Amino acid sequence: MFGSLGITELILILAIVLIIFGAGKLPQLGEGIGKAIKGFKKSAHEADGIEAEAQAAQQQTAGAPQQAFMQPTLQARVPVEQRASTVHSVSRG
(Lines give C-alpha, C1' and ligand atoms only; values in the text may rest on other atoms or scores of the structure.)
Protein backbone atom coordinates (compact mmCIF):
# COMPACT_ATOMS: atom_id res chain seq x y z
CA MET A 1 0.00 0.00 0.00
CA PHE A 2 2.63 2.57 1.01
CA GLY A 3 5.65 0.89 -0.54
CA SER A 4 8.10 -0.17 2.13
CA LEU A 5 5.97 1.02 5.10
CA GLY A 6 4.52 -1.87 7.04
CA ILE A 7 1.75 -2.06 9.60
CA THR A 8 4.19 -1.54 12.49
CA GLU A 9 5.56 1.68 11.00
CA LEU A 10 2.08 3.04 10.30
CA ILE A 11 0.94 2.32 13.88
CA LEU A 12 4.06 4.01 15.22
CA ILE A 13 3.47 7.10 13.05
CA LEU A 14 -0.19 7.23 14.13
CA ALA A 15 0.82 6.99 17.81
CA ILE A 16 3.32 9.86 17.43
CA VAL A 17 0.72 12.02 15.66
CA LEU A 18 -1.82 11.23 18.39
CA ILE A 19 0.67 12.25 21.10
CA ILE A 20 1.66 15.48 19.34
CA PHE A 21 -1.77 16.71 18.27
CA GLY A 22 -4.09 14.97 20.72
CA ALA A 23 -7.33 13.14 20.01
CA GLY A 24 -9.36 16.36 19.73
CA LYS A 25 -7.26 17.82 16.93
CA LEU A 26 -7.15 14.70 14.72
CA PRO A 27 -10.51 15.35 12.97
CA GLN A 28 -9.47 18.94 12.21
CA LEU A 29 -6.10 17.76 10.97
CA GLY A 30 -7.73 15.17 8.69
CA GLU A 31 -10.19 17.74 7.38
CA GLY A 32 -7.39 20.18 6.59
CA ILE A 33 -5.39 17.54 4.76
CA GLY A 34 -8.49 16.49 2.81
CA LYS A 35 -9.23 20.08 1.76
CA ALA A 36 -5.61 20.55 0.70
CA ILE A 37 -5.66 17.43 -1.45
CA LYS A 38 -9.02 18.43 -2.98
CA GLY A 39 -7.71 21.93 -3.78
CA PHE A 40 -4.57 20.48 -5.34
CA LYS A 41 -6.57 18.13 -7.56
CA LYS A 42 -8.88 20.98 -8.60
CA SER A 43 -6.01 23.27 -9.53
CA ALA A 44 -4.25 20.47 -11.42
CA HIS A 45 -7.48 19.81 -13.37
CA GLU A 46 -7.86 23.53 -14.16
CA ALA A 47 -4.25 23.72 -15.32
CA ASP A 48 -4.89 20.83 -17.71
CA GLY A 49 -7.92 22.69 -19.11
CA ILE A 50 -5.96 25.90 -19.56
CA GLU A 51 -3.14 24.02 -21.27
CA ALA A 52 -5.62 22.37 -23.67
CA GLU A 53 -7.16 25.77 -24.48
CA ALA A 54 -3.72 27.24 -25.17
CA GLN A 55 -2.87 24.37 -27.51
CA ALA A 56 -6.17 24.80 -29.36
CA ALA A 57 -5.55 28.54 -29.73
CA GLN A 58 -2.04 27.88 -30.96
CA GLN A 59 -3.33 25.45 -33.57
CA GLN A 60 -5.90 28.00 -34.77
CA THR A 61 -3.31 30.74 -35.15
CA ALA A 62 -0.87 28.37 -36.83
CA GLY A 63 -3.49 27.61 -39.49
CA ALA A 64 -4.07 31.28 -40.38
CA PRO A 65 -0.96 33.38 -39.70
CA GLN A 66 -1.86 36.03 -42.28
CA GLN A 67 -5.21 36.70 -40.68
CA ALA A 68 -3.55 37.83 -37.44
CA PHE A 69 -1.61 40.53 -39.28
CA MET A 70 -4.69 41.81 -41.05
CA GLN A 71 -6.67 42.47 -37.88
CA PRO A 72 -6.73 46.12 -36.82
CA THR A 73 -5.05 47.02 -33.57
CA LEU A 74 -7.01 48.61 -30.74
CA GLN A 75 -6.19 52.23 -30.05
CA ALA A 76 -6.67 54.01 -26.77
CA ARG A 77 -9.73 56.21 -26.69
CA VAL A 78 -8.16 59.60 -26.00
CA PRO A 79 -9.90 62.84 -27.02
CA VAL A 80 -8.33 64.66 -29.95
CA GLU A 81 -7.56 67.74 -27.83
CA GLN A 82 -5.60 65.65 -25.34
CA ARG A 83 -3.66 63.91 -28.10
CA ALA A 84 -2.69 67.28 -29.57
CA SER A 85 -1.49 68.58 -26.19
CA THR A 86 0.71 65.52 -25.63
CA VAL A 87 2.21 65.89 -29.11
CA HIS A 88 3.09 69.56 -28.43
CA SER A 89 4.56 68.81 -25.03
CA VAL A 90 6.73 66.03 -26.45
CA SER A 91 7.96 68.10 -29.37
CA ARG A 92 8.87 71.04 -27.11
CA GLY A 93 10.73 68.95 -24.51
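Put PHE21, PHE40 in order of accessible area, largest first, 1.4 Å probe: what do you get?
Values: PHE21 100, PHE40 145 Å².
Largest accessible area first, the list is PHE40, PHE21.
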Next item on the list: Work out how much length ALA23 to LEU10 would gain on full extension: take 0.36 nm times their residue separation and subtract the Cα-Cα distance, in nm to one decimal.
Entry: 3.0 nm
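Where only protein heavy atoms count, and the probe is 1.4 Å, what is the accessible area per residue for the stretch 1-60 in Å²?
Values: 5350 Å² over 60 residues.
So the stretch 1-60 comes to 89 Å² accessible per residue, rounded to a whole number.
The values are calculated or read from the model by the stated rules, or taken from the named source; none is laboratory data. From a predicted model like this one, the values you see are computed outputs, not experimental measurements. Protein only, heavy atoms only, side chains kept; ligands, DNA and RNA dropped before computing areas. Shrake-Rupley method; radii C 1.70, N 1.55, O 1.52, S 1.80 Å.
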